[in-house]
Every structure is written in C-alpha cells, then in structure tokens.
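This report concerns only the one structure given below.
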Amino acid sequence: MSMTEFTIAHISDLHFSEGTDQRNPSHRHSIEYLIGLEKRLPPSSDLDLLVVSGDISESGDRQSLVTASGYIFSTIPIGHGEFTGLKCPVSKAGIVPGNHDAWNAGRSGSLLERRQKSLENYNFAFPDHQVLESHGSRYQWLEKNGAGIYLAYVDSCFLGDNENHSGANFRYDQAVAKGKLTIKQTEQLLSWYDLGIRGKLINPSGGSIGKDMFANALKILVMHHYLFEPPEQSSDYFMRIQDRDVVFRNLALSDFDVLLCGHKHATAFDVHSYGTGVDERARRRHLINHFRRLVGLNSLPIQAVDKEGNHISKAFTFMANLLAKLARQRNVGVDTVALAEQVVNELIQGLDDPTGLEKMIMEAIEKNGPIGEDDFEAAEWREIAGRVSNALSAAQRQKFRQSASRIMNMSKSLHARPFLQVMCGSSAKASGAFSQERAFNIYRIVNDSNHWLFQCDRYVWDSQQHQYPQEPLRLYHSFE
C-alpha cells in the first residue's frame, strides 16, 4: 500500500447568536474570528472533511443555528457589502450538536429555559447532520488508495433519558452542560463495528467496506463532550460526561483510536491507554464479544447503573457474574480475566462438540442458579449455545475453530492500546476577560500500510496581529 494522506479540519464552539453586523460588539460570536477562520482554513477542495464539534449556537435558537449553517456551507453578510463563510460542501462536513444547541431557546429564553431539552432547532438548521431520536448517532467513511478512516458521530447532549427531564426526578444540575452516551448509542456503535468486522458495513457509494480494510482503518469518534480533563485544567462537575469510566470502556469495545471534541474551550492533545481505564469487567466483555462475533452474534455493551440504581443496560452478562462469584468462592485474589480466558477456551473447544458446549453451559447455570437482576445473563449463554449448536454447520465450526486462537491475543492486547483525545478550543466565540485561547486544528493523517501517523497542527489566535497565525504548533502520535 502506498502512503496515503487525509486532511481534516476541526472547529468547535462557534457560539453564534443573532445578527452578523461586524461593528456590533454584542454578538456572542466574533466576526473577527470568523473572518480569521475563513482566511486560514484550507479551501474545501484541499480538505477531506471539516469537523464541527458542537456548541454551534449560543442559545439553540433557530435563527442563530440557521445563520451558522450559512457560514459553514456558504457565506453570510457582515455589512459594507462584505461576506464571510467557509463554503464547505455539505458532504464534506461532519457536525454534532453541543449542549448549547440543545437548549432550544427562543429570543427571550430565561435561565430556566436554558437546559438541554430538544434538538428541534438544530435538526431544522442541519437536516443532513440531524440527530435521530432512535440512537442519536451516525457514521462516515473516508477512503483513499486502499486506506480508510471510519468516523462515528455521537450526540452527547443529556437527552433521551426521560427520568431526568420531567417531573419530580428532573435535576437541573444534570441538564445544563453535562453529557451522556445512552445505552442505545453504545449498542449502535457496537452494531456498526460488528458489521464492519464482517465486511457488511456500507460505504458512501452503497457498496460494502472490506472487512480487512475496516479492521485496519483508523477509527475516530466525534462528540461535543470530552472524556478526560485536559492537563492543568480544573475538573468541572457541571461539564462532565456522566459515567465516564463506563463510557470509555464501551468505546474500547468498539475499537476507537481517537476522540475529537470541544466543550471546554481548551486545547489538548493527550494520549491515554485503554489499560488505565479498562477494568476486568470490560476485559471480560471484550473477550466474550470477540467470541460472539466469531460465531455470528452481535456484541453487547457493559452494564451501567444510574445514580438511582436503575439498569440502563441489559449486558452485565451472566459470564461476568459467574466469574465474579467463582472468584469470591475460591480466592479474593483470583484473576477473573484468566478465568474468563479459561471459559472462552472451553467455548472454543465447544465448536468441536456443540452438544458438550450446551451441556457445560446448562450445568453452569444449574450450579450457580439465577444470577443478576433477571435471567437475561443466563440467556446469553443459551444464545451462544443455540447459535453454535443449531445455526452453524460442521464446516463453519471447523473454520471458526481454526481462527479462534486469535481471540485471546486480541483481548490480551487491549490494555496496551493507545487512545488519543484531541480537544479543539473555541474557534469563534467572542472573548471575555477570562476566556480560553481561541483555536482550531488541522489534522494530517497518514497511512503507510504499517501504521497511522496522526499529525495535529494547532492554530491559536494571535491577539497582537489579530489573525490566526501562518505557522501552527505541531503535535504527533503514531498508531501501529
């Protein structure tokens, strides 16, 4: 494979308000910054993608969002017969809403109205990038010269959980700036990953993406909220994403390499390790998911429980509960991941003898009794056994048996996987006395068959020269 380069621009937190008079200082967006972006961003013909990671508007009102879409996709008038805009084709834009875009406020929206309650105005202004109520996510595929980049876009606004938005259970502090990934979104990300690994994910032309190409693709998640606090930044309770550790572990199950985000108006380029954030429960689920994919079943996410104890996932599996119980029975210091590997080895052996596999599973269920809140976890065992016993031919089982040893290596390598979080500062919000630096990023992503090189060129506003500079700060990370 020859060396292939992709170029992606990343802007965030434009905070458009009504009006575009360049001499009016009361806008929440800065016309000066918008003109600076237009001048310094590469033309759309030189870009593979423009990513806009939320808080496009200040109040989520319809007119501000429509004006922002005019700036991104065309131009807007700023007075004296002048115009500014990025003129980005709709097909080259990747956009997600932010918490401000979900306020859905009117012109006189009060503070109590300024909470995340609807994306109706955002969807009206950005119909090609709208958030679907069913799962609030979508994906995009970029391909050149046999190399591919898979991007998943997730609405991380605190929507979709009715118990937090009405009645006695509504908590205002959770709906202002916080973020969340719902279980439906996690399941959708896992579903797309499963399709990609099987060579059944659809590309923009309507064909399927080759499974080897998908497996080797750089995988990027785009959302408004960040996962990890940037260095030297104080933690902000009202800005956090809910259940961060569970979210991060579920993202590991979907094999993401990079997160592009905004929200805090800070710039950051930080490499984390899945090993520091993925616990034994996640490693067990990772292991079982590989086996599920092997035999043609969909992946399952990790369970999360909300603050009231309500289950928001069905998938803290029977396997995880069984192994935890075995660990308690034998020795508190037992490595439950090693136990999981032992059990998966038995599952792999069961490909040779599906009758024996089903017997082993049913004996385990009978021995341990009902585990968990309901019988769904036990149903996962029955699902696996039924799939192997009834839906796979002897030839298929033999084929899977030959390749099954790769499962262990894939799971064992999870802890060493790097995860890059790249935060884009606010690119066009009018500055105040204590504002963060204004910035945007250009990513040059190079594939040379053995690895991906991710180069970030960060452009920080020069307040002396009143422009984004010619020379950026350059940062790198290599993915083997």
Check your understanding: Does segment 392-410 contain any residue that is charged (D, E, K, R), closer than 30 Å to S59 by Cα and either assigned to a helix (DSSP H, G or I) or in contact with a strand residue (DSSP E or B) (Cβ under 9 Å, 6 or more places away or on another chain) (or both)?
Key -> no
Exercise for review: Scan segment 294-310 for residues that are at pLDDT 80 or above and surrounded by fewer than 17 Cβ atoms within 10 Å (Cβ to Cβ) and report the count.
Suggested key: 2
Check your understanding: Do you know which of the residues in segment 21-51 that are touching a helix residue (DSSP H, G or I) at 6+ places or on another chain (Cβ under 9 Å) and among the polar types (S, T, N, Q) is surrounded by the fewest Cβ atoms within 10 Å (Cβ to Cβ)?
Key -> N24
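Only one of W461, W381 is among the aromatic types (F, W, Y) and either open to solvent by less than 20 Å² (accessible area, probe 1.4 Å) or free of Cβ contacts under 8 Å to residues at least 40 places away in the same chain (or both). Can you tell me which?
Numbers: W461 fails: either open to solvent by less than 20 Å² (accessible area, probe 1.4 Å) or free of Cβ contacts under 8 Å to residues at least 40 places away in the same chain (or both).
It is W381.
Do we have any residue at all in segment 419-430 that's of a type in the set (S, T, N, Q), open to solvent by 40 Å² or more (accessible area, probe 1.4 Å), touching a Ser or Thr at 6+ places or on another chain (Cβ under 8 Å) and touching a residue at least 40 places away in the same chain (Cβ under 8 Å)? Spell out how you get there, then give the answer.
Filtering segment 419-430 down to residues of a type in the set (S, T, N, Q) leaves 421, 426-427.
Those still in the list that are open to solvent by 40 Å² or more (accessible area, probe 1.4 Å) too: none.
Among the residues of segment 419-430, not one is of a type in the set (S, T, N, Q), open to solvent by 40 Å² or more (accessible area, probe 1.4 Å), touching a Ser or Thr at 6+ places or on another chain (Cβ under 8 Å) and touching a residue at least 40 places away in the same chain (Cβ under 8 Å), which makes the answer no.
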Study note, to complete from the structure: For F83, the lone unmet condition from (1) open to solvent by 50 Å² or more (accessible area, probe 1.4 Å); (2) touching a residue at least 40 places away in the same chain (Cβ under 8 Å) is (2)
Review point. From the list N441, N450, which one is open to solvent by less than 20 Å² (accessible area, probe 1.4 Å) and either of a type in the set (S, T, Y) or within 17 Å of D257 (Cβ to Cβ) (or both)?
Key: N441
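Residues in segment 52-80 that are in a helix (DSSP H, G or I), open to solvent by less than 10 Å² (accessible area, probe 1.4 Å), touching a residue at least 24 places away in the same chain (Cβ under 8 Å) and not polar (S, T, N, Q): how many? Steps first, answer last, please.
From segment 52-80, those in a helix (DSSP H, G or I) are 62-73; that's our starting set.
Filter once more, keeping what is open to solvent by less than 10 Å² (accessible area, probe 1.4 Å): 64-65, 68, 71-72.
Add one more test, that the residue is touching a residue at least 24 places away in the same chain (Cβ under 8 Å), and what stays is 64-65, 68, 71.
Those still in the list that are not polar (S, T, N, Q) too: 65, 68, 71.
The qualifying residues number 3.
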Exercise for review: Considering each of L142, L181, L189 in turn, give the residue that is among the aliphatic types (A, V, I, L, M), in a helix (DSSP H, G or I) and either open to solvent by less than 60 Å² (accessible area, probe 1.4 Å) or at pLDDT 90 or above (or both).
Suggested key: L189
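The values are calculated or read from the model by the stated rules, or taken from the named source; none is laboratory data. Just so you know, these numbers come straight off a predicted model, no measurement behind them. Neighbour counts run over all protein chains shown; Cβ positions are idealised from the backbone, glycine included. Remember, those area values only see protein heavy atoms, side chains included, never the ligands or the DNA or RNA. Shrake-Rupley method; radii C 1.70, N 1.55, O 1.52, S 1.80 Å.
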